[in-house]
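Contents: one structure, followed by commentary.
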Amino acid sequence: MPMTIPHRNAKPPVAQASLGAGVVVLDEAGRVLLGLHPSGVWELPGGAVEPGESVEEAAARELAEETTLVAAPADVSVLGFILDTASSTALTRVSAATVVRVHHGTPAVAEPDKIERWEWFTPDRLPEALFVPSAQVLRFWRPELPAPEGLFHRYEVTSEDVR
């Protein structure tokens, strides 16, 4: 007699976290690309990982949508993940810290309601008014950089983790 496997409800659970990718984009001189939000804070390109996407695909897509720069998902390096429970008591923000060193094009404002302009900054001269999740991603990339304190948990991705 064939074994019967009970049907399991495929309905997803109520969301308790939001997954996004923060993209540290570097130019040939090692400068970092930041966008000025209308609120006056600077932020990295990035955004939500959509259903069915890998973190690398989301980072490359968000980069193109926000800056018009083109990078292949294979050129996105995932450094690790940051769990931010400081900015919301209702939802945990999970940010994948990613780096893109190979890209094509010139940064342009593609979403003027979200970013006023894009600028390149040397890591030692980053603006002080940084979006907190962007500051956390930048600190993941370069631990010596200043970043706000809070309820943040960091999880590095290393080659030993992939087997």
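Helix 55-67 and the long axis of the chain differ in direction by around 40°, with both axes built from C-alpha atoms.
Once the dipole of the range 1-143 is set up with Lys and Arg at +1 and Asp and Glu at -1 on Cβ about the Cα centre, which of Thr92, Ala108, Pro127 lies farthest towards its positive end? Ranked along the dipole, the leading option is Thr92. At 1.4 Å probe size, with the rest of the protein present, what percent of the exposed accessible area of the chain is carbon and sulfur atoms? Reported share for carbon and sulfur atoms: 56 percent.
Put a dot 7 Å past the Cα of Glu128, heading toward its Cβ, do the same for Glu57, and the two dots end up 4.3 nm apart.
Placing a pseudo-label 7 Å from each Cα along the Cα-to-Cβ vector at Glu144 and Ala64 gives an inter-label distance of 3.6 nm.
Of Lys114, Lys11, which has the most accessible area with a 1.4 Å probe, and how do the rest follow in descending order?
Details: Lys114 95, Lys11 155 Å².
My answer, sorted largest first, is Lys11, Lys114.
How much net charge surrounds Ala129 when only the other residues with a Cβ under 15 Å from the Cβ of Ala129 are counted, with Lys and Arg +1 and Asp and Glu -1? Around Ala129, the surrounding residues sum to -2.
Whenever you get a sec, line up Arg101, Arg142 from highest to lowest accessible area (probe 1.4 Å, protein heavy atoms).
Of Arg101, Arg142, the descending order of accessible area is Arg101, Arg142.
Provide the per residue accessible area, probe 1.4 Å, for the range 17-156, rounded to a whole number of square angstrom. Each step should come with its number before you reach the end.
Details: 7010 Å² over 140 residues.
Ligands and nucleic acids excluded, the figure is 50 Å² per residue.
At 0.36 nm per residue, and after removing the present C-alpha to C-alpha distance, how many nm does the segment from Thr89 to His37 gain when stretched out fully? Please report the intermediate quantities before stating the final value.
On the way: separation 52, 0.36 × 52 = 18.72 nm, distance 2.37 nm.
Between Thr89 and His37, full extension yields 16.4 nm more.
With the simple model of a label 7 Å out from the Cα in the direction of the Cβ, Lys11 to Arg117 spans 5.1 nm.
The values are calculated or read from the model by the stated rules, or taken from the named source; none is laboratory data. Predicted model only: the values in this text are computed from it and were never measured. Glycine gets a Cβ as well: all are built from the backbone with ideal geometry, and neighbour counts include every protein chain shown. With ligands, DNA and RNA removed, areas are computed over all heavy atoms of the protein, side chains included. Shrake-Rupley method; radii C 1.70, N 1.55, O 1.52, S 1.80 Å.
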